[in-house]
Amino acid sequence: MKKPIRDQINELAAMSVRELQQKYREAFDAEPESSHRQFLFRKIAWHLQAKEDGGLAEPVRQLARDIARDVALRNRVVTNAVKRRAGLPIEQTATTTITPDHDSRLPMPGGVIVKQFRGETLVVKVTDQGFEFRDRRYSSLSAIAHEITGTKWNGFAFFGLMKEGTHGRR
């Protein structure tokens, strides 16, 4: 009779790195990619659960492989690595920087900004179109700060979201 998956995972948790490496060889019919105990444990445990529950269907696995192969950045990184191994100087290789499309001082849309002000907890929700505060939409934090204080404020300064080293306010 086959052991329950929970018992198999508990046995894995008690194994040494060498035992986990041997279990990895049995599970994947390949040499372990790492000797990191936690990595081996998690990978084998995932494999056992996938076998038990059926894992991903082959068409889904193939779709994931196709998506990974077509990612432009991945292709660029692989191409640059090949160029570097071939001994091409860095000036003849392409590099790029990925920059987020939102202000790094703000949480991602869906996040919240919380501030204590005059004994009141202020909660502002960040949305794709701006901000929500007290069931109203605002296009800027400065407009919310003005609404709260009655004076003009830099919204980032009022909510304490200024980057390190800048402490000015309007």
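Since every read-out is calculated from the coordinates, none of them should be taken as a lab result. This structure is a prediction, so every number in the text was calculated from the model and none was measured. No Cβ is skipped: glycine too gets one built from the backbone with ideal geometry, and neighbour counts run over all protein chains shown.
If one puts a single equal scatterer on every Cα of the stretch 5-53 and applies the Debye formula without solvent, what log₁₀ I(q)/I(0) results at q = 0.29 Å⁻¹?
So the normalised log intensities are -1.18.
Say each of Phe117 and Lys3 gets a label point 7 Å from the Cα, pointing the same way as Cα to Cβ; how far apart are those two points in nm?
5.9 nm
Could you let me know the centre-to-centre spacing of the stretch 9-71 and the stretch 102-120, using Cα atoms, in angstrom?
That distance is 40 Å.
Taking other Cβ within 10 Å of each residue's Cβ, how do Glu26, Glu132, Glu33 sort, fewest first?
Glu26, Glu33, Glu132
Starting from the Cα-Cα distance between Glu147 and Ala64, subtract it from 0.36 nm times their residue separation and give me the gain in nm to one decimal.
Between Glu147 and Ala64, full extension yields 25.1 nm more.
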